[in-house]
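Worksheet: the structure to be examined is printed underneath.
Bear in mind these aren't lab numbers, they're just calculated from the coordinates by the rules spelled out. Everything quoted here is computed from the prediction, not taken from an experiment. Note that we place each Cβ from the backbone using ideal geometry, even for glycine, and neighbour counts take in every protein chain shown.
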Amino acid sequence: MNKGSAIELGGKPKTKFFKMPHTFVIILCMVLFAAVLTYLLPAGEFDRAEDKSSGNTVVVEGSYHAVEQNPVSLVDLPLAIVQGLVSAADTVFFIFIVGGVFQIINSTGTIEAVAARVGKTFMNRGLVIIPIFLSLFSVGGFTIGMSAEVMAFVPIGIAIARALGYDAVTGTAMVMLGAAVGFTAGLLNPFNVGIAQSIAELPMFSGMWLRAIILVVLLVVTSLYIIRYAKKVKKNPASSIVYQLEKEEAHQNLDISSLPTMKAAHYLTIVTVIAGFGFLIWGVSEKGWWMQELAAFFLALGVIVGFLSKYGPSKIASEFVAGASAITFGAFIVGFAKGIVIVLEQGHVIDSVVNGLASMVDQMPGVIQVLGMYFFQTIMNVFITSGTGLAATTMPILVPLSDLIDVTRQTTVLSYQLGDGLSNCILPTSAMLMGSLAVSRIKYQEWVKFFWPLLLWWVVIGAFFVIVADMIQY
């Protein structure tokens, strides 16, 4: 899902020597750079053939050959961007539909009610609330791609954490990091894994078993890290990273009893969504559903949830439009990023780029090759904070490269999703992070002090699983 741009934390504006350009500007600069490459690089192409074992269209190793130069001029760039939008139409409209449907689900208040119910139930059970909340919000991350939306639930996490003798950092972490872990593992996340696998011509949501293991490992490590910090704060409140904030807000805590309660409509929504995702897995694995079928499934799911929540047709339509509007940024980024590929293809240099990269990494050990993909995606995530946009920008290059260097496409997707997700909780361009900090009143530098050791653990875990995936030919 679109991870957006940073949200201002208020106060006096500070003079900055450098301001990160808007993602659209970055993408357009990359389109322009791609056009320049069509003048500088020799034109060439690989032969392609269908792999009989997988059915994928793959490049034929050693078949690269020169073709006639066809540079793309400046006046051709607007048309290339429009052609990119048209070419990625199935993905763009899929994102619009999924965004609209998830807004219908979110508007029912089910997620908030479940969080409140869990909080009240485990209020007197101390540290167990941390892994429970992490697990709960990880479900939102690996199913509906919950990201920036998590900021709405941070006050609940903080209220429960403070009631247990912890602080705002603990409450924010057990909500936000849960969603981040789920988004990164991406078991059924249509916004990162789904789109990346569609570009890689892999069965949708295939390879879930390894992503499930990654999810469990990240949840365990994150739980232990937050629990260790929470125990320290409860033992000595002055050790809190936000001790001054805790003193200021000592009498401003949210009343736990005021949180929403579970109603029949919420239970119906939960059952419907769980049954729906079970049906989705069956359709993908047994019927070979793809973008159109998945979009139709989500559309039907949204309408059913709406009616079960006693919404009228107009209410369902208005929530759908609101959700689709909110996801416009991510949807258009996919189309704009496709413009980069269109320019490189029209100039006959995309295979030249792949061939050059393959020549550079071919002599490297396999571990270095796959780690290079992983860290490349992590670095690119700094500039393209949209998960869908990052997939659309990088996967068309890395997929044929992986074919040439004998890295499986599933491993390439894994490198993308881990590189895309793990750094979101420290980047100041992340709407999920900055929005959550704005709600919690935690300063960015305070959060970095708390989070950076855990981030190092996450990065190491990601590197380990990428290497394992390469070794087992995942």
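A few remarks follow.
- Dipole size of region 82-471 about its Cα centre, with +1 on Lys/Arg Cβ and -1 on Asp/Glu Cβ: approximately 1540 debye, rounded to the nearest 20.
- Approximate spin-label separation V367-L40, in nm, with each point projected 7 Å along Cα-to-Cβ: 3.4 nm
- At most 11 other Cβ within 10 Å, DSSP loop - trypsin sites (Lys or Arg not before Pro), region 84-158: R125
- Extension gain from T261 to H65, taking 0.36 nm per residue of separation minus the Cα-Cα distance: 64.0 nm
- Cβ-Cβ FRET estimate between L79 and K310, R0 fixed at 41 Å, reported to 0.05: 0.30
- Approximating the spin labels as points 7 Å out from Cα along Cα→Cβ, the M360-to-I461 distance works out to 3.1 nm.
- Rounded to the nearest 0.05, the FRET efficiency derived from the C-beta distance between E248 and V217 at R0 = 35 Å is 0.40.
- Taking the longest Cα principal axis of the chain as reference, the axis of helix 431-440 is set at about 10 degrees.
- A dipole drawn for the chain from +1 and -1 charges on Cβ atoms has a positive end, and of L427, V233, G140 the residue lying farthest that way is V233.
- Taking every alpha-carbon pair under 8 Å whose residues sit at least 6 apart, the chain reaches a relative contact order of 30 percent.
- Segment A89..V128, full-extension length gain: 9.5 nm, with 0.36 nm per residue of separation and the alpha-carbon distance subtracted.
- Cα-Cα over 30 Å, subset of K235/K263; K247/K449; K234/K443; K234/K449; K287/K315; K231/K263: K235/K263; K287/K315; K231/K263
- Pair K449, F279: separation of 7 Å Cα→Cβ label points (nm): 5.1 nm
- Cut-off 14 Å between beta-carbons: net charge of the residues surrounding F153, Lys and Arg +1, Asp and Glu -1: -1
- Distance histogram for region 155-292 (every C-alpha pair counted, 5 angstrom bins, percent rounded to whole numbers): 2, 9, 13, 14, 14, 13, 12, 10, 7, 4, 2, 0
- Derived from the Cα gyration tensor, the three semi-axes of the equivalent ellipsoid of the chain are 39, 25, 22 Å, largest first.
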